[in-house]
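The values are calculated or read from the model by the stated rules, or taken from the named source; none is laboratory data. Nothing here was measured: the structure is a model prediction, and the numbers come from that model. Neighbour counts run over all protein chains shown; Cβ positions are idealised from the backbone, glycine included. The area values use the complete protein model at the heavy-atom level, side chains included, leaving out ligands, DNA and RNA. Shrake-Rupley method; radii C 1.70, N 1.55, O 1.52, S 1.80 Å.
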Amino acid sequence: MLHQVSTPQVNLEQLANEALSSRQISRVHQQLINTMVSQNLLASKDRILVDLILYGVRNGLISVVD
């Protein structure tokens, strides 16, 4: 029997818009995104949005806030 890990539903398009416009993302959302990437839970369209957010975080364009 396989165990499925449940992840909260997130509107990645809305999250990306908010992160890119405010230049901030919460630590919880960052961790959720990292989990979704590591578990390969993203459609290709969503992966593009996530890559934009993570690029922004890595390059100091988007700040991670608590």
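Of the residues ILE25, ILE33, which single one is modelled with pLDDT of 95 or more and out of contact with any Asp or Glu (no Cβ under 6 Å at 6 or more places or on another chain)? Explain how you work it out, then say what you get.
Working: ILE33 fails: modelled with pLDDT of 95 or more.
The match here is ILE25.
Would you check if LEU42 is over 19 Å from VAL64 (Cα atoms), at pLDDT below 95 and out of contact with any Asp or Glu (no Cβ under 6 Å at 6 or more places or on another chain)?
On the way: over 19 Å from VAL64 (Cα atoms): yes; at pLDDT below 95: yes; out of contact with any Asp or Glu (no Cβ under 6 Å at 6 or more places or on another chain): yes.
Against the criterion (over 19 Å from VAL64 (Cα atoms), at pLDDT below 95 and out of contact with any Asp or Glu (no Cβ under 6 Å at 6 or more places or on another chain)), LEU42 qualifies.
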Practice task
Working only within the stretch 21-37, note down all residues that are open to solvent by 90 Å² or more (accessible area, probe 1.4 Å) and in a helix (DSSP H, G or I).
Solution key: SER21, ARG27, VAL28, GLN31
